[in-house]
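The values are calculated or read from the model by the stated rules, or taken from the named source; none is laboratory data. All values reported here derive from a predicted model rather than from experimental measurement. Every residue, glycine among them, receives a Cβ derived from its backbone with ideal geometry; neighbour counts consider all protein chains shown. Protein only, heavy atoms only, side chains kept; ligands, DNA and RNA dropped before computing areas. Shrake-Rupley method; radii C 1.70, N 1.55, O 1.52, S 1.80 Å.
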Amino acid sequence: MQGEAVGRAFFAREIHEVARDLLGREVWVGARGARIVEVEVYEGANDAASHARSGVPTARTWPMFAEPGRVYVYRIYGMHRCLNLRAPSRVGPGAILVRAAEPLCGFESRVREKRRLSGPALLCKEMGIDERFSGAWVGQGIVVRKGAPVAEEEVGRRVRVGLNPERCGEAARWPWRYIVEGSPWLSRP
């Protein structure tokens, strides 16, 4: 049974608060649903890893500069997609990357057996998320539902995954990755 969807007000709070609160929420695309267990924050011009670091929106990045509650999907390495949800930061535009989720409904058994939602590219592939969703409001094709809250003692913080320290500098060491501790669905422990 799908729970109540979160509204735009959920995303209109400070980006780190939203990121932490996304843990345990459910993301749905059609009949496929999954519980979010890992996210990363990318915020503003001071974050060398953020697509908003230039301060100028492009044809691809404009959803990061739009109102909170927009979806931002982009292609990485020319073939994979990444799902981001727009939330405001103290220092300008930002978005939260959904890195991993636990399958709940609508997936073949191979998805569960091979942890096929453990990583942003796998999550997008298995849920059918691509650039056609980019710029839409959460709730228009990609729905975030209330799910089950995660207790504070179950929330962990780590450095973000896969950032090049030479390119990103100190931003590569910021603990802006939020996880459900002990979840077998994490992209990285």
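The set of residues in the stretch 106-140 that are at pLDDT below 95 and in contact with a Gly (Cβ under 7 Å, 6 or more places away or on another chain) contains only Gly106.
Among the residues of the stretch 118-138, the one identified as assigned to a loop (DSSP other than H, G, I, E, B), over 24 Å from Arg188 (Cα atoms) and either out of contact with any strand residue (DSSP E or B) (no Cβ under 6 Å at 6 or more places or on another chain) or open to solvent by less than 10 Å² (accessible area, probe 1.4 Å) (or both) is Gly135.
When the residues of the stretch 58-80 are filtered to those that are hydrophobic (A, V, I, L, M, F, W, C), closer than 16 Å to Lys125 by Cα and surrounded by fewer than 17 Cβ atoms within 10 Å (Cβ to Cβ), the one that is modelled with the lowest pLDDT is Met79. The criterion of at least 2 residues that are among the aromatic types (Phe, Trp, Tyr) and either out of contact with any strand residue (DSSP E or B) (no Cβ under 9 Å at 6 or more places or on another chain) or farther than 22 Å from Gly156 by Cα (or both) is met, among strands (runs of 3 or more DSSP E) falling completely within the stretch 1-115, by 71-76. The numbered conditions (1) surrounded by fewer than 22 Cβ atoms within 10 Å (Cβ to Cβ); (2) closer than 17 Å to Gly135 by Cα; (3) touching a helix residue (DSSP H, G or I) at 6+ places or on another chain (Cβ under 9 Å) are all true for Arg32 except (2).
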